[in-house]
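Report on the following structure.
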Amino acid sequence: LVSRKTRKEDTVIELPQGVLVGGAASLMVAGPCSVESEEQTRTVAAALAKAGIKVMRGGAFKPRTSPYDFQGLGMDGLRILREAADEYGLLTISEIVDPAHIEPALDYVDVIQIGARNMQNFELLKAAGEVRKPVLLKRGLAATLEEFIHAAEYIMSRGNTEVMLIERGIRTYEKWTRNTLDISAVPILKQETHLPVLVDVTHSTGRKDILVPCAKAGLAAGADGIMVEVHPDPATALSDAAQQLNIEEFNQFYNDVKASGLFR
Ligand code: PEP
Ligand code: MN
């Protein structure tokens with residue numbers, strides 16, 4: 001179902017408010033790594049709305065490497081995200097990690113995110129396939145493109161046709177980036193599937209100083225959108241403190257990406 005052979009045209013996903021993913025316009029998804037508080041989330045939402053961003057991300061269920069790290073605010077986090085987004089006219093994307101949370105999350109998210117660590121959580125993929133809500137599927141940390149495409153097929157095979165893929169870097173021996181952004185994944189996924197493809201510059205690189213060239217590279221390779229993390233005060237962030245942009249840095253980043261002419 002995901003294959004280009006079954007559908008020649010690009011799939012364009014329509015989110016609420018007429019926001020299109022995979023169409024003529026590029027999408028910029030921005031927001032904090034984690035929803036930490038009402039104030040933090042509202043501050044980001046206000047800044048994003050001012051910059052003209054339409055879709056805000058924010059993690060409420062955080063799949064952390066250490067069990068002692070901040071695990072997210074759970075359903076409370078989803079509520080905070082929704083309220084802040086509604087206040088500023090934004091749409092929401094948030095990661096769901098438990099199949100049982102898919103249904104309850106529907107009231108709070110416009111897009112269900114399935115994270116890299118859960119790309120092959122098949123029960124979660126099936127549950128996301130049962131609902132009629134767009135899904136943003138992240139590539140696994142060490143997933144081949146074939147495995148990534150099969151994961152998308154799991155969702156679509158249950159009837160949910162609104163799937164977007166996002167390259168977020170894979171594990172290699174390279175240590176100067178957190179993961180290795182696999183730019184070649186973008187044209188291959190565009191060629192092999194008809195689904196929208198995004199690039200997550202934050203989690204792939206894990207560093208702020210190369211976000212603009214990596215976003216440009218993703219767009220030049222054919223990506224339909226970019227994801228980036230933004231926090232009012234990254235130094236105090238409860239997750240990914242080292243790599244989130246502050247609001248001023250985000251505005252600069254977004255302006256630079258737009259100025260490249262690659263952001264449609
Ligand atoms: C995220 O986007 O919040 C996240 C945890 O990313 P990933 O699943 O790609 O590691
Ligand atoms: Mn993060």
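In table form, for the structure just shown:
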read-out	value
Cα-based Kirkwood hydrodynamic radius, region 116-156, one decimal, Å	10.1
Rounded, prolate or oblate (a/c below 1.5 giving rounded, otherwise prolate when a/b exceeds b/c) for the chain by Cα gyration tensor	rounded
Computed lengthening from Tyr173 to Asp256, 0.36 nm per intervening residue step minus Cα-Cα distance	26.9 nm
Calculated FRET value between Ser184 and Ala24, using beta carbons and R₀ = 22 Å, to 0.05	0.35
Label-point separation, Ala241 to Ala220 (7 Å along Cα→Cβ), nm	3.5
Neighbour-limited loop hits for chymotrypsin sites (Phe, Trp or Tyr not before Pro), region 131-204 (at most 14 other Cβ within 10 Å; DSSP other than H, G, I, E, B)	Tyr173, Trp176
Packing-based exposure ordering (other Cβ within 10 Å, fewest first) of Lys190, Lys133	Lys133, Lys190
Distance from region 189-236 to region 128-162 (C-alpha centre basis), Å	19
Taking Val186, Val35, Val199 and counting other C-beta atoms within 10 Å, the order from fewest to most	Val186, Val199, Val35
Cβ-Cβ FRET estimate between Glu248 and Lys126, R0 fixed at 25 Å, reported to 0.05	0.05
Alpha-carbon gyration tensor eigenvalues x 5, square-rooted, for region 73-121, Å	20, 11, 9
Full-extension gain in nm, Tyr68 to Gln17, via 0.36 nm per residue minus C-alpha separation	14.5 nm
Region 149-236 - convex hull of alpha carbons, volume per residue in Å³	123
When each of Lys126/Lys258; Lys5/Lys126; Lys50/Lys133; Lys8/Lys54; Lys5/Lys50 is checked by Cα-Cα distance, pairs over 32 Å	Lys126/Lys258; Lys5/Lys50
Inter-site label distance for Asp107 and Ser37 at 7 Å from Cα along Cβ, in nm	2.6
Computed helical MRE - 222 nm, the chain, DSSP H runs ≥ 4 contributing -39500 (n - 2.57), nearest 500	-10500 deg cm²/dmol
10 °C / 1.306 mPa s Stokes-Einstein diffusion coefficient of region 46-149, Kirkwood radius on C-alpha pairs, µm²/s	111
Gained length - Leu1 relative to Glu146, 0.36 nm times residue gap less alpha-carbon distance	50.8 nm
Exposed-loop-free span, longest in the chain, where GluC sites (Glu not before Pro) count as exposed if DSSP calls them loop and at most 16 other C-beta atoms lie within 10 Å	10-173
Cα shape, region 1-79, gyration tensor, a/c 1.5 rule	oblate
For the chain, built as a Gaussian network whose Cα springs stay under 10 Å, the top-fluctuating residue of Ser94, Ser26, Ser157	Ser157
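Values in this text are rule-based calculations from the coordinates and carry no lab data. Just so you know, these numbers come straight off a predicted model, no measurement behind them. FYI the Cβ positions are ideal-geometry reconstructions off the backbone, even for glycines, and counts take in every protein chain you see.
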